[in-house]
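A.B. asks: Shown below is the structure under consideration.
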Amino acid sequence: MGIAETKRSSSTPASTSGAAASDPQAESGAALTDGFHLVIDALKVNGIDTIFGLPGIPITDLTRMAQAEGIRMISFRHEQNAGNAAAIAGFMTQKPGICLTVSAPGFLNGLTALANATTNCFPMILISGSSEREIVDLQQGDYEEMDQLAIAKPLCKAAFRVLHAEDIGVGVARAIRAAVSGRPGGVYLDLPAKLFAQSMDAEAGKRSLIQVVDPAPRQIPAADAIGRALDLLEGAKRPLILLGKGAAYAQADADIRSLVEKTGIPYLPMSMAKGLLPDTHELSAAAARSFVLPEADVVLLVGARLNWLLSHGKGKTWGGKGHKDAGGQKFIQIDISPQEMDSNVRIDAPVVGDIGSCVSALLAGIGAAWPKPPAEWLTAVAERRDRNIAKMAETLAKDPVPMNFHSALNVVRDIVKANPDAILVNEGANALDFTRSIVDMYKPRKRLDVGTWGVMGIGMGFAVAAAVVSGEPVIAIEGDSAFGFSGMEVETICRYNLPVCVVVFNNNGVYRGTDVNPTGGADLAPTVFVKGARYDRLIEAFGGVGVHATTPAELRRAMEEAVRSRRPTLINAVIDETAGTESGRITSLNPTAGKKK
Ligand code: FYN
Ligand code: ADP
């Protein structure tokens, strides 16, 4: 929609409150536009159709006008959740997710999500209204005074401020490019209150907008880098492909599958890469993780960093003697960021470029005569995997009373299998770790979780965005502790009538509910919550469906009904309060000095 048309809508009832909503055309008689409309038009011209945010000073009218102009405005109850929603929308779509907040505290709430997005390489733009520059810079005590740009800078990929209406087009274009080009990440865009009411000639305004051409240009890998990688891979005795969430983000699904199948190399998916190939694929080594990492001799990393989640590429996980010793593997790494290479261990064959281009270049060098990996390796991986899967099947078949993580997740596993298009959001400690290894994924980008930082609090923001962006049913498997960080957004889920089924694994506390206060005082232990809490009643307050489930059969019935009806549902799944280990599978990261073992 052009400037002339957007201008007309500034006289709609939705935008008549406050001075900022005055109709520039009516005042001057000339065809004018203003900062509000230029921001909206700059986003729209770049195909942005959804904003996640929270209205308030100075962006209230912006949210109204955006809605009036056809942008879907999803309003949240807390900016961090809106920010998480924007971040995961960016991951799912390769378009920057937009989060819109008020100044100072609203901005800071959104900033946590922006930093998390940047850490995870998710493209997102946090747009915050801010107070008057003159007053902020002289520190004269403005309403919500804060130098937001300076604070945002170290926590995101790029940060920009726009002071004049005619620069809005450039500001938005720069933000979009910064978010999605190269390694994706979070961008901050600071819009001071005064900008919104600034008016300018409508035609000049229209001309000032930039439709970004090729926002994430392909980055073709060098031929010698591809040759080096192929040589290493071809000579491997025990090769392994490691798929990370960068591979999921890249949307090169068919080529990645071909790479695995044509080479016949076993692959290990990182958490959010699960489903890139179906977890039931014969070359999946997910259930043989602790076998393949130390045993592999050549590892091809595709969009995965050798960070803490991969024990920094060394130590016992990789067969090293001590925790700093390398395991002797040779690494090939595909990544868009050249600086990622050698960040933890030597990368023998760096392949710098976008994953789509890199994988297709590798495929071009892999002909029909490509040798399959030695049979001993394939057999050893398959044996180990099948043994672990059989062991897991035994555990899943049990039906203990009370219900535990395994018996509850056995239900979730079946529901996801029957609904492979549903999106699984997952956070917690044990609720996260057990779900990751028990619930198979069948399609790419269907598993959204705590990511690189292992954060709590992404749950409801991710669930809202997943439903809004995809229109598919969303199943959010939440630890009771994790759910608390964003639980109020069940109102948002109900308000927008989203097909989200939240399952709270309730074991009465952080990790589990059995800690006691050693002093014998009235306060509960710090890790314990109200016992027997009824999270299901929370959603009933807003018209959603609440279910209290204490058996796998009850859980199954409730989940089936939630997915079938697409009604907002929260299931309070009561889990044995003794179930769960401290910090799940990362207990080693939680210092225990002074704690009774
Ligand atoms: C995996 N496994 C399976 C299967 N899939 N067994 C049977 N069947 C299936 N389908 C096995 C796998 O081989 C491992 O066993 C084990 O299950 C766990 O697999 P996972 O989850 O892949 O591996 P692991 O060791 O937990 O992975 C390390 C990690 C992961 C760091 C990448 O823990 C992770 O992503 N953690 C994030 C934690 C987090 O962020 N927590 C939130 C904060 S909690 P073995 O091979 O025998 O080892 C705050 O307190
Ligand atoms: P995981 O946590 O699943 O291991 P990481 O977030 O650590 O994954 O790694 C993702 C990597 O993917 C990052 O280093 C990032 O630079 C890279 N990446 C993201 N998108 C692309 C892309 N389109 N092409 C190449 N690399 C990418």
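The values are calculated or read from the model by the stated rules, or taken from the named source; none is laboratory data. Note that the structure is a prediction, hence the values are computed from the model and not measured. For neighbour counting, all protein chains shown are included, and Cβ atoms are generated from backbone atoms with ideal geometry for every residue, glycine included. Surface accessibility is based on the protein's heavy atoms, side chains included, excluding ligands, DNA and RNA. Shrake-Rupley method; radii C 1.70, N 1.55, O 1.52, S 1.80 Å.
A.B. asks: Does the range 297-328 hold any residues that are in contact with a strand residue (DSSP E or B) (Cβ under 8 Å, 6 or more places away or on another chain), part of a loop (DSSP other than H, G, I, E, B) and within 16 Å of ligand 2 (Cβ to nearest atom), and which are they?
C.D. replies: Those that are in contact with a strand residue (DSSP E or B) (Cβ under 8 Å, 6 or more places away or on another chain), part of a loop (DSSP other than H, G, I, E, B) and within 16 Å of ligand 2 (Cβ to nearest atom): G303, A304, R305, L306.
A.B. asks: Residue check: is I74 in contact with a Phe, Trp or Tyr (Cβ under 7 Å, 6 or more places away or on another chain) and at pLDDT 95 or above?
C.D. replies: yes
A.B. asks: Yes or no: the range 462-474 includes at least one residue that is closer than 25 Å to G185 by Cβ, within 16 Å of ligand 1 (Cβ to nearest atom) and at pLDDT 95 or above.
C.D. replies: yes
A.B. asks: In addition: Got a sec? Which helices (runs of 4 or more DSSP H) wholly within the range 24-132 have at least 1 residues that are out of contact with any Ser or Thr (no Cβ under 9 Å at 6 or more places or on another chain) and without any contact (Cβ under 8 Å) to a residue 40 or more places away in the chain?
C.D. replies: Where helices (runs of 4 or more DSSP H) fall fully within the range 24-132 and carry at least 1 residues being out of contact with any Ser or Thr (no Cβ under 9 Å at 6 or more places or on another chain) and without any contact (Cβ under 8 Å) to a residue 40 or more places away in the chain, they are 60-68, 105-120.
A.B. asks: I would also like to ask the following. Looking at R447, R436 in this structure, which one is charged (D, E, K, R), at pLDDT 95 or above and open to solvent by less than 10 Å² (accessible area, probe 1.4 Å)?
C.D. replies: Checking each option against the conditions leaves just R447.
A.B. asks: State whether the residues of the range 536-548 include one that is small (G, A, S), open to solvent by less than 40 Å² (accessible area, probe 1.4 Å) and outside any loop (DSSP other than H, G, I, E, B).
C.D. replies: There is at least one residue in the range 536-548 that is small (G, A, S), open to solvent by less than 40 Å² (accessible area, probe 1.4 Å) and outside any loop (DSSP other than H, G, I, E, B).
A.B. asks: Where in the range 147-252 are there strands (runs of 3 or more DSSP E), lying fully within it, with 2 or more residues that are of a type outside the set (S, T, N, Q) and closer than 30 Å to K330 by Cα?
C.D. replies: Answer list for the range 147-252: 239-243.
A.B. asks: Which residue pairs have Cβ atoms under 6 Å apart, sit 6 or more places apart or on different chains, and have a first residue in the range 562-585 that is within 20 Å of V416 (Cβ to Cβ) and among the hydroxyl-bearing types (S, T, Y) and a second that is away from ligand 2 (no atom under 16 Å from the Cβ) and part of a strand (DSSP E or B)?
C.D. replies: That search, which allows pairs on different chains as well, returns T569/C501; T569/V545.
A.B. asks: So, in the range 549-589, how many residues would count as being buried (at least 23 other Cβ atoms within 10 Å of the Cβ) and assigned to a helix (DSSP H, G or I)?
C.D. replies: Of the residues in that region, 4 qualify.
A.B. asks: Just to verify a result, which residue in the range 178-197, among those that are surrounded by fewer than 20 Cβ atoms within 10 Å (Cβ to Cβ) and touching a strand residue (DSSP E or B) at 6+ places or on another chain (Cβ under 9 Å), is nearest to S337 (Cα to Cα)?
C.D. replies: The selected residue is R183.
A.B. asks: Separate question: Does A252 meet the test of being open to solvent by less than 30 Å² (accessible area, probe 1.4 Å) and in contact with a helix residue (DSSP H, G or I) (Cβ under 6 Å, 6 or more places away or on another chain)?
C.D. replies: Against the criterion (open to solvent by less than 30 Å² (accessible area, probe 1.4 Å) and in contact with a helix residue (DSSP H, G or I) (Cβ under 6 Å, 6 or more places away or on another chain)), A252 qualifies.
A.B. asks: Within the range 382-415, how many residues are among the β-branched types (V, I, T) and in contact with a Lys or Arg (Cβ under 8 Å, 6 or more places away or on another chain)?
C.D. replies: Of the residues in that region, 2 qualify.
A.B. asks: Determine whether R257 is open to solvent by 10 Å² or more (accessible area, probe 1.4 Å) and without any contact (Cβ under 8 Å) to a residue 40 or more places away in the chain.
C.D. replies: So R257 passes the test.
A.B. asks: Here's another thing I want to ask about it. In the range 423-479, how many residues are closer than 17 Å to T93 by Cα, more than 16 Å from ligand 2 (Cβ to nearest atom) and among the acidic types (D, E)?
C.D. replies: Summing the residues that are closer than 17 Å to T93 by Cα, more than 16 Å from ligand 2 (Cβ to nearest atom) and among the acidic types (D, E) in the range 423-479 gives 1.
A.B. asks: Restricting attention to the range 345-379, which residues are over 26 Å from G303 (Cβ atoms) and open to solvent by less than 80 Å² (accessible area, probe 1.4 Å)?
C.D. replies: P374, A375, T379
A.B. asks: Let me ask something else. Within the range 411-445, can you find the residues that are polar (S, T, N, Q), within 12 Å of ligand 1 (Cβ to nearest atom) and either farther than 19 Å from A248 by Cα or in contact with a strand residue (DSSP E or B) (Cβ under 6 Å, 6 or more places away or on another chain) (or both)?
C.D. replies: Result: N426, N430, T435.
A.B. asks: While we're on this one: Can K391 be described as of a type in the set (K, R) and more than 9 Å from ligand 1 (Cβ to nearest atom)?
C.D. replies: No, not satisfied.
A.B. asks: I'm checking my understanding of the structure. Among residues of the range 260-279 that are of a type in the set (A, V, I, L, M), under 25 Å from Q94 (Cβ atoms) and assigned to a loop (DSSP other than H, G, I, E, B), which one is most open to solvent (accessible area, probe 1.4 Å)?
C.D. replies: Taking the candidates together, the pick is M270.
A.B. asks: For the range 451-469, give me each residue that is closer than 24 Å to S284 by Cβ and surrounded by fewer than 24 Cβ atoms within 10 Å (Cβ to Cβ).
C.D. replies: Correct list: T452, G454.
A.B. asks: Further, regarding this structure: Residues in the range 153-161: is at least one on the phi > 0 side of the Ramachandran plot and free of Cβ contacts under 8 Å to residues at least 24 places away in the same chain?
C.D. replies: No: the range 153-161 contains no residue that is on the phi > 0 side of the Ramachandran plot and free of Cβ contacts under 8 Å to residues at least 24 places away in the same chain.
A.B. asks: Mind listing whichever residues of the range 280-307 are open to solvent by less than 30 Å² (accessible area, probe 1.4 Å), within 11 Å of ligand 1 (Cβ to nearest atom) and in contact with a Phe, Trp or Tyr (Cβ under 7 Å, 6 or more places away or on another chain)?
C.D. replies: S284, A285, L293
A.B. asks: Given the condition touching a residue at least 24 places away in the same chain (Cβ under 8 Å) and on the phi > 0 side of the Ramachandran plot, answer yes or no: does some residue in the range 329-352 qualify?
C.D. replies: Taking every residue of the range 329-352 in turn, none turns out to be touching a residue at least 24 places away in the same chain (Cβ under 8 Å) and on the phi > 0 side of the Ramachandran plot.
A.B. asks: Being in contact with a Lys or Arg (Cβ under 7 Å, 6 or more places away or on another chain), more than 19 Å from I88 (Cβ to Cβ) and open to solvent by 10 Å² or more (accessible area, probe 1.4 Å), is that true of even one residue in the range 501-522?
C.D. replies: yes
A.B. asks: Ok, one more. Going by what's in this entry, would H406 be described as without any contact (Cβ under 8 Å) to a residue 60 or more places away in the chain, surrounded by 16 or more Cβ atoms within 10 Å (Cβ to Cβ) and either of a type in the set (D, E) or over 26 Å from N120 (Cβ atoms) (or both)?
C.D. replies: Yes, satisfied.
A.B. asks: Still on this model: Can you tell me which residues in the range 380-400 are free of Cβ contacts under 8 Å to residues at least 40 places away in the same chain and either under 18 Å from T435 (Cα atoms) or open to solvent by less than 40 Å² (accessible area, probe 1.4 Å) (or both)?
C.D. replies: Scanning the range 380-400 gives A390, K391, A393, E394, T395, A397, K398.
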